Amino acid sequence: MPGAPTCRDRGRRVVVHAPAKTNLHLAVGAPGHDGYHPLVTVFQALSLYEEVTATAAEPGSGVTLTVSGRGVDETPLGASNLAVRAARALAEHLGRPADVVLHVHKTVPVAAGMAGGSADAAAALLACDLLWRGDLAPADRLDVAATLGADVPFALLGGTALGTARGDRLEPVTARGELHWVMAWAREGLSTPAVFTALDDARDAGRAPRRDVLDARVPPALAAALADGDPHALGAALDNDLQDAAVALRPALAGVVGAARGAGALGAVVSGSGPTVAVLADGADHAAELARVLGAAPEVAETRHVHGPVAGARQVVGADVSPDHPSLRGR
Ligand code: ATP
């Protein structure tokens, strides 16, 4: 049986971190019969990491979970936690028992539009595969990831990528240079389904343009900006169909986007389904300045200067290295 526990596995542990994301482009089609919205999106992985530790457990003990860090109170601890679901899905795929002790350390705010829960799932998937010696081929790991949620495959892959279908069919995109982002966090999360429903309602009422046909390519202006490593052109090319819906549910977000532009940001866009606003800076010093200005805005709970693109889920080898550790920057 692949990954059957042995004596030398007792107490063995694997630590994996996986990045948060933002969307440089997010086009949303009309929902299909299954209720899912087809998407064409361009993801970028950011230097803000979730960390999952998987420790070998006694046979028959099942999956146990502890959580620490940001948003613990809003994170489900039972079977619905995406890290638990990932461990179980992998065990089923490998045809082995799901015996593991998981610890999730959260850095990404919950329900922020940065796919923190999906990063937990991706990290748990890789950690359990390494712990159980499942030796899954990367393509198979992506397939298992896609069963857990549309953003999970990207958290495994990282970099910059075009996502189609539900956002889970991925193609890497060439991106030169390092982008500096200021993520402006809200005091409270937004429900992703509620934001999609608000978009559908606005379209049904004629308040938002329909997208009956999706162009499954990176928009040419965005592709050129990424290939050239031109943050000015990139700032102008950012767009998100969910932005107005997120603003309708949380009007203060319009003020954050306006404040970012007023402070000289190269671009500012709601991240995914929000309520985080992703603000593009012209280098590290500019990002520090934008973080200072936006941090003082009453609607903003906290700002974080991050960079992208970074790699997808990776094992943290060696001692107890925090995912924020400078040695991990730029991986
Ligand atoms: P999405 O990926 O759906 O756009 P998001 O990035 O806005 O979501 P997440 O923090 O990933 O937000 O979580 C969305 C919801 O998923 C939460 O409200 C929570 O109930 C559930 N959830 C399940 N597992 C986790 C997890 N490990 N961490 C955070 N939330 C989780």
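The values are calculated or read from the model by the stated rules, or taken from the named source; none is laboratory data. Quantities reported herein were computed from a predicted structural model and do not represent experimental measurements. Note: ideal-geometry Cβ built from the backbone for every residue, glycine included; neighbour counts use all protein chains shown. Calculation scope for accessible area: heavy atoms of the full protein, side chains included, ligands and nucleic acids excluded. Shrake-Rupley method; radii C 1.70, N 1.55, O 1.52, S 1.80 Å.
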Reported to the nearest 10 Å², SER68 has, with a 1.4 Å probe, an accessible area equal to 30
Note on the chain: contact order normalised by length, alpha-carbon pairs under 8 Å, 6 or more apart, percent, works out to 25
Checking GLY264, GLY274, GLY113 against a Gaussian network model of the chain (alpha-carbon springs below 10 Å), the top fluctuating residue turns out to be GLY264
About its Cα centre, region 145-271 carries a charge dipole, from +1 on Lys and Arg Cβ atoms and -1 on Asp and Glu Cβ atoms, whose size in debye to the nearest 20 is 140
GNM on the chain, Cα springs under 10 Å; top mean-square fluctuation among ALA20, ALA223, ALA186 goes to ALA223
Here the relative contact order (percent) of region 128-269, from C-alpha pairs under 8 Å and at least 6 apart, is 18
Among HIS37, GLY149, ALA186, the residue whose Cα sits farthest towards the positive end of the charge dipole of the chain, when +1 is placed on the Cβ of each Lys and Arg and -1 on the Cβ of each Asp and Glu, is GLY149
With a 1.4 angstrom probe the carbon and sulfur portion of accessible area for the chain, in percent, totals 53
Taking only the alpha carbons of the chain, the radius of gyration and the largest Cα-Cα distance, Dmax, both in angstrom, are 19.6, 64
ARG210 and ASP228 label points (each 7 Å along its Cα→Cβ direction) are spaced in nm at 3.6
Quick calc, GLU58 & ASP282: beta-carbon distance into FRET formula, R0 41 Å, rounding 0.05, result 0.15
Per the charge dipole of region 190-257 (beta-carbon charges, Lys/Arg positive, Asp/Glu negative, Cα centre), the residue among HIS232, PRO251, VAL213 reaching farthest to the positive end is PRO251
Computed for the chain: size of charge dipole around the Cα centre, +1 on C-beta of each Lys and Arg, -1 on C-beta of each Asp and Glu, debye to nearest 20, value 480
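Can you compute the FRET efficiency between VAL317 and THR147 using 1/(1 + (r/R0)^6), with r the Cβ-Cβ distance and R0 = 35 Å? Round to the nearest 0.05. Please list the in-between numbers first.
Values: r = 28 Å, r/R0 = 0.80.
Efficiency computed from Cβ-Cβ geometry: 0.80.
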Of the candidates GLY308, ALA223, VAL279, the farthest towards the positive dipole end of region 182-331 (Lys/Arg Cβ +1, Asp/Glu Cβ -1, centred on the Cα centre) is GLY308
With all protein chains in place and a 1.4 Å probe, THR66 shows an accessible area in Å² (nearest 10) of 70
Comparing GLY11, GLY229, GLY149 in a Gaussian network model of the chain (Cα, 10 Å), the one with the largest mean-square fluctuation is GLY11
Residue by residue through region 101-106, the couplings from Karplus 6.51 cos²θ - 1.76 cosθ + 1.60 with θ = phi - 60°, in Hz, x for Gly and Pro, are 9, 10, 10, 10, 10, 9
Taking alpha-carbon centroids only, region 94-149 lies from region 252-290 a number of Å equal to 30
To the nearest Å², the heavy-atom accessible area per residue of the chain with 1.4 Å probe amounts to 42
Over all viewing directions the Cα convex hull of region 20-135 casts an average projected area in nm² of 8.5
Heavy-atom accessible area with a 1.4 angstrom probe orders HIS93, HIS180, most exposed first, as HIS93, HIS180
Answer in debye to the nearest 20: the dipole magnitude of region 183-331 about its Cα centre, from +1 Lys/Arg and -1 Asp/Glu charges placed on Cβ, is 140
Looks like region 189-267, by Cα gyration tensor root eigenvalues a ≥ b ≥ c and the a/c under 1.5 rounded cutoff (else prolate when a/b is bigger than b/c, oblate otherwise), is oblate
